[in-house]
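Rule-based calculations on the coordinates, nothing more; no lab input. Keep in mind the model is a prediction, meaning the values are calculated, not measured. All Cβ positions, glycine included, derive from the backbone under ideal geometry; neighbour counts span all protein chains shown.
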Amino acid sequence: MKYRKRNFGYKQRFLAFLVWVVLGTVVMPISLPWMSFGFAQTPSALVKRIALRIVQRKIDPASRLIRVKQGEALELVFQTDEVVDLHLHGYNRAFRVKPGEPAVLTLSAHIAGRFAIEAHRFAGNPSIGLKPKSNEITLLYLEVYPR
Ligand SMILES: [Cu+2]
């Protein structure tokens, strides 16, 4: 009887070890990315992300007017074919965008109104026939509607 009991205990410990191995190698690696994905998804789902591409000193006509509601969280992702200094009026945000390096302007649209996003300086890009230029050019408008 004593021998049987000891044998049963060994089997139990072996089963517990198997469960531990299965949890560690299969269940946790599968569930952890899903858990973190869930946490990351909650705040980013509330952010309005808008891609904006500057080509030959212009924004695509369909994207020249951004309309949002006051209080909305925005991510304006700029791409460009030459180095350009941008300025969002009203919110007074100035930033530089370089080719091959998307620049993200994060913004909480708390001020209602119509605001120009201007290019203050283009650095030029000889490979596509662009000379440096320092005029202020309005590329697009951001319209923030009151709640
Ligand atoms: Cu400006």
For a label point 7 Å along the Cα-to-beta-carbon line of residue 89, residues of segment 114-147 with backbone N under 17 Å: 114-121, 135-145
Under 12 Å, Cβ to Cβ, from residue 123 - net charge with Lys/Arg +1 and Asp/Glu -1: +3
Gain upon complete extension [residue 46, residue 75; 0.36 nm per residue less C-alpha separation]: 9.4 nm
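Between residue 134 and residue 103, 0.36 nm times their residue separation minus their Cα-Cα distance comes to what? Can you show the working numbers first?
Working: separation 31, 0.36 × 31 = 11.16 nm, distance 2.02 nm.
Stretched fully, the residue 134-residue 103 segment lengthens by 9.1 nm.
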For residue 74, residues with placed amide H under 5 Å, excluding near neighbours: 48, 107, 108, 109
Cα-Cα over 26 Å, subset of 69/98; 48/133; 69/133; 58/98: 69/98; 48/133; 69/133
Set of aspartates and glutamates near residue 131 by C-alpha distance (under 14 Å), chain-local residues within fewer than 8 positions excluded: 81, 82
Rounded FRET efficiency, nearest 0.05, which uses the C-beta distance separating residue 143 from residue 96 and R0 of 22 Å: 0.35
